[in-house]
Amino acid sequence: MQGVRVGKRVIGADAPVTIGWENVSRVEGGPIRRFVFTWFQPFALFALLAFWYYAPNSIAKPSTAIGIGIGFKALLLGLEWVNPRFASWRLTWKEFTTDLFFVGLGYTILRLVDSYIGSDAVAKLILDHFHWEKLAWFTTLPLLVQAFLIAFMFDFVQYWMHRGMHNWYPLWLTHAPHHYITQLNINKGAVGNPVELFLIGLGVGGFFDFLPRAFLLAGVFGLTIGIYQHINVRFNTPRLWRFLFNTTEHHSLHHSQDYEATRSNYSGTFIFIDRMFGTCVDGEAELLGMEGGRRMSIREQMTFPFTEAWKAMREKLGRPVAAEPVSAVPAE
């Protein structure tokens, strides 16, 4: 397999991928179908931003956001059945129950941990000891500008955290289980080792709880666009959208079985961050995962960083371990 040269790298030498937007499949059918699956993503983002911009304070609160998020995911789950990107990614009961386990983990244990040692705890500490009048200029900016800046700063931190996970072995061990998923669907963003899910959620976003409306709007940017990354729906993504935002196409390349393709498209929301640092690759991939598409069990995902770290430590001390495939990522 020869692959395609993208900049200084050859993409697709290890597994088949599609490079270039002109080669990505498009939605066929009548004008209504093509219109819906072309403009659904920007329309949904605009509608959610408008809701949170104009909603009264009695409604604009995190509990409302959770409810809307569940409803939005249910709608997208229906679209996955109506117009799947790849038939091989269709949701099975086994995949669905596994995903629900990780979603439940995120809303319970991880949320509790975050309140004590994560972004919530750091935000409380900052709120209690920092003189916010020094940032009064920020609150005078238009609300959507505040929201964009918060979302951008959060995603900028996530970009470097994610990129670090692919280039530093200790962090890679926490992130590797997420790369054993073999399909993208509505809840796959929640699948991974709890240590990685905690680390990837850290950022500056929690520092802005003193701006609740701006923070909720920033969350709309991140969560709405982030949901689209892990979804099995075929869209005719508009040109401007795919230039600015991360898409399922971009993220499928990041999860492909091709090694060089996985070292691209690190941002969570704004793909132009990858474009700024030369790590963006446009295209898509159907074959996902590692070790030829081996699927990890929940138990293995929970223990992988610790068992692999133990093996690496024993090998370094000169104590051989049983030969098993170990997913290591060398430095750039």
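Table for the structure above
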| quantity | calculated |
| --- | --- |
| Hits in segment 45-71 - residues which are exposed (fewer than 15 other Cβ atoms within 10 Å of the Cβ) and among the hydroxyl-bearing types (Ser, Thr, Tyr) | Tyr54, Ser58, Ser63 |
| Matching entry among Pro84, Pro42 (being within 21 Å of the chain's Cα centre (by Cα), closer than 29 Å to Phe148 by Cα and surrounded by 13 or more Cβ atoms within 10 Å (Cβ to Cβ)) | Pro42 |
| Out of Trp241, Trp310, sole residue that is part of a helix (DSSP H, G or I) and modelled with pLDDT of 95 or more | Trp241 |
| Qualifying positions in segment 136-158 - buried (at least 22 other Cβ atoms within 10 Å of the Cβ) and not small (Gly, Ala, Ser) | Ile150, Phe154, Asp155, Gln158 |
| Restricting segment 82-93 to residues that are of a type outside the set (Val, Ile, Thr) and in a helix (DSSP H, G or I), the residue that is farthest from Glu284 (Cα to Cα) | Trp93 |
| Which numbered condition Leu288 misses (of (1) touching a strand residue (DSSP E or B) at 6+ places or on another chain (Cβ under 9 Å); (2) over 21 Å from Gly192 (Cβ atoms); (3) not charged (D, E, K, R)) | (2) |
| Residue within segment 159-168 that is over 27 Å from Arg294 (Cα atoms) and either buried (at least 17 other Cβ atoms within 10 Å of the Cβ) or hydrophobic (A, V, I, L, M, F, W, C) (or both) present | yes |
| Glu22 being assigned to a helix (DSSP H, G or I), more than 19 Å from the chain's Cα centre (by Cα) and charged (D, E, K, R) | yes |
| Residue in segment 251-271 that is nearest to Gly189 (Cα to Cα), counting only those that are in a helix (DSSP H, G or I) and touching a strand residue (DSSP E or B) at 6+ places or on another chain (Cβ under 8 Å) | Ser252 |
| Single residue of segment 270-310 satisfying the filter (within 16 Å of the chain's Cα centre (by Cα) and among the charged types (D, E, K, R)) that is farthest from Asn232 (Cα to Cα) | Asp274 |
| Scan of segment 249-269 for residues that are within 12 Å of the chain's Cα centre (by Cα), of a type outside the set (Gly, Ala, Ser) and modelled with pLDDT of 95 or more, ordered by number | His250, His251, His254, His255, Asn265, Tyr266 |
| Of all residues making up segment 234-248, the number that are closer than 16 Å to Gly189 by Cβ and over 12 Å from the mean Cα position of the chain (by Cα) | 0 |
| Residue ID - modelled with the highest pLDDT, chosen from residues in segment 180-199 that are more than 19 Å from Arg85 (Cα to Cα) and part of a helix (DSSP H, G or I) | Tyr180 |
| Selection count where residues are out of contact with any Phe, Trp or Tyr (no Cβ under 8 Å at 6 or more places or on another chain), modelled with pLDDT of 80 or more and not hydrophobic (A, V, I, L, M, F, W, C), scope segment 205-227 | 2 |
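Condition check ((1) in a loop (DSSP other than H, G, I, E, B); (2) more than 21 Å from Phe221 (Cα to Cα); (3) without any contact (Cβ under 8 Å) to a residue 12 or more places away in the chain) across all residues:
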residue	(1), (2), (3)
Pro16	yes, yes, no
Ala50	no, no, yes
Phe72	no, no, no
Leu75	no, no, yes
Glu80	no, yes, no
Glu95	no, yes, no
Phe102	no, yes, no
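The values are calculated or read from the model by the stated rules, or taken from the named source; none is laboratory data. Every value quoted in this text rests on a predicted model; they were computed, and no experiment measured them. Cβ coordinates were reconstructed from backbone atoms using ideal geometry, including for glycine residues, and neighbour counts include every protein chain displayed.
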